[in-house]
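What follows is a short report on a single structure.
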Amino acid sequence: MFGLLNKKKNNNGADCPNGECIGDEVKIAVRQVNVTLGGRKVLDNVDLDIKTGKTLVIMGLSGMGKSTMIRSILRLQEPESGMIFFEGQDILKLREHDLDEVRSRIGMVFQKAALFDSMTISENVGFGLKEQKKLKGPELEKRVLEMLDIVDLAGKENSLPSELSGGMQKRASLARVLCYRPEVILYDEPTTGLDPIICNVINKLIMDMKQRFGVTSVVVTHDLDSAKMIADEIAMLHMGKIIEKGTPEEFFNSSNPIVKQFVKGSSEGPIKV
């Protein structure tokens, strides 16, 4: 388990290369992570603490590396350098077998639901458990129906994805992740393209996962209202660096001119588009 750094001087991770100075309050600790894509530094020595059982929202302009950040946590994107600690292990050093074990404890809800068109909702939700965990029969069916009930899709198990709304597809995608009973869920733009009512439904589900299961969540979003609603902390990623991190109240009252312009949605300020 992780926690806050014991000493402020350790904030860049230089004094604790093995993560020994990270205690129980932080689930995932990102230290000096660098990612370059297409010749551009997307993540530039990023440090970030993700607290156990809390919801961290990552905000910022498009193309600033928010999705890259959460993909790096799962090593779907390989950083060039840095450390990402999960319960005492630097996952960037893990071999494939050990990495698979960590990944089984971290779920990801992608921007698009990524459901198989030819499969029913129950087949989609149970696909990973059937293929990877070899779960089958009544045990698999029970788990799938339980997760569909949690996301309020009971009765839709025999429907095809094309028969569901976009919001329902997102909820089915979340049910698929929940089947693994993850300790951490990463959400990549979970409310993009949804109307305000469905956005509210998704946000309440994110909060429910934290309250019901103690899930640690990381949510990438542009939606300021969603951030206010779900976040315990908000971090802003800009030009490859975390330039602000704090509670929603601290974030929305920040004196940082970049954050202030982003929150106001103003065309005037240090951000040039």
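The values are calculated or read from the model by the stated rules, or taken from the named source; none is laboratory data. On a predicted model such as this, the values are computed, not experimentally measured, just so you know. When we count neighbours, we look across all protein chains shown, and the Cβ atoms used for this are built from the backbone with ideal geometry, even at glycine. Surface accessibility is based on the protein's heavy atoms, side chains included, excluding ligands, DNA and RNA. Shrake-Rupley method; radii C 1.70, N 1.55, O 1.52, S 1.80 Å.
Which cross-chain or sequence-distant (5 or more) residues have an amide H under 5 Å from the amide H of Glu157, H modelled 1.01 Å from N in plane?
Under 5 Å from the amide H of Glu157 lies no amide H from a residue far enough along the sequence or on another chain.
Based on alpha-carbon centroids, what's the gap between segment 58-82 and segment 89-121 in Å, whole number please?
Centre-to-centre distance over Cα atoms comes out at 15 Å.
Give the residues of segment 150-184 whose amide nitrogen is closer than 18 Å to a point set 7 Å from the Cα of Asp232 in the direction of its Cβ.
Counting backbone N atoms under 18 Å from the label point, the list is 182-184.
How far apart, in nanometres, would the label points at Glu96 and Met119 be if each is projected 7 angstrom from Cα along the Cα-to-Cβ direction?
2.1 nm
For segment 137-201 and segment 210-273, what is the separation of their C-alpha centers, rounded to whole Å?
That distance is 26 Å.
Divide by every residue of the chain the summed helix terms, -39500 (n - 2.57) for each DSSP H run of at least 4, and state the resulting mean residue ellipticity at 222 nm, rounded to the nearest 500 deg cm²/dmol.
On the way: 9 runs with 93 residues, N = 273.
The per-residue figure over the chain is -10000 deg cm²/dmol.
In Å², and per residue, what accessible area does the chain have when probed at 1.4 Å with the other protein chains present?
48 Å²
May I ask for the longest run of the chain untouched by trypsin sites (Lys or Arg not before Pro) that are loop-located per DSSP and have at most 11 neighbouring C-beta atoms (other than their own) within 10 Å?
137-271
Apply the Karplus curve 6.51 cos²θ - 1.76 cosθ + 1.60, θ = phi - 60°, to the phi angles in segment 244-255 and return the couplings in whole Hz, x for Gly and Pro.
With coefficients 6.51, -1.76 and 1.60, one gets 7, 8, x, 5, x, 4, 5, 5, 6, 10, 4, 8 Hz.
Rounded if a/c is under 1.5, else prolate if a/b beats b/c, else oblate: with a ≥ b ≥ c from the C-alpha gyration tensor eigenvalues square-rooted, which is segment 46-89?
It comes out oblate by the Cα gyration axes.
For segment 23-115, what does the alpha-carbon gyration tensor say about shape, rounded, prolate or oblate, given a ≥ b ≥ c as the root eigenvalues, a/c under 1.5 as rounded, and a/b over b/c as prolate?
Rounded is the answer for segment 23-115, as its axis ratio a/c remains below 1.5.
Helix check for the chain. Which DSSP H runs span at least 24 Å along their own axis by Cα, with a mean Kyte-Doolittle hydropathy no less than -0.5?
Helices meeting the criterion: 196-213.
Tell me, what is the percent relative contact order of segment 99-184, built from C-alpha pairs under 8 Å that lie six or more residues apart?
So the answer I get is 49 percent.
Counting pairs of alpha carbon atoms under 8 Å apart in space and at least six apart in sequence, what relative contact order in percent does the chain give?
This gives 22 percent for the chain.
Hey, could you pull the Cα Rg and Dmax for the chain, both in Å?
Cα-based Rg and Dmax for the chain come out at 18.9, 59 Å.
Taking amide H positions as placed in the peptide plane 1.01 Å from N, state which residues far from Tyr187 in sequence (5 or more) or on other chains have amide H under 5 Å from it.
Under 5 Å from the amide H of Tyr187: Val109, Val218, Val219, Val220.
Give the long-range amide H neighbours of Ile242: residues separated by 5 or more places, or on another chain, with amide H under 5 Å away, using H modelled in the peptide plane at 1.01 Å from N.
Asp47
Contact order normalised by length for segment 44-139, with contacts defined as Cα pairs under 8 Å and 6 or more residues apart; what percent is it?
Worked out over segment 44-139, it gives 11 percent.
Enumerate the whole-percent occupancy of each 10 Å bin, from 0 to the last occupied one, for all C-alpha pair distances of segment 78-173.
Taking every Cα pair in segment 78-173, the percentages come to 14, 39, 26, 18, 3.
Dividing the Cα convex hull volume of segment 142-273 by residue count, how many Å³ per residue is that? All intermediate terms of the calculation are to be shown ahead of the outcome.
Working: hull volume 16.7 nm³, N = 132.
Each residue corresponds to 127 Å³ of Cα convex hull volume.
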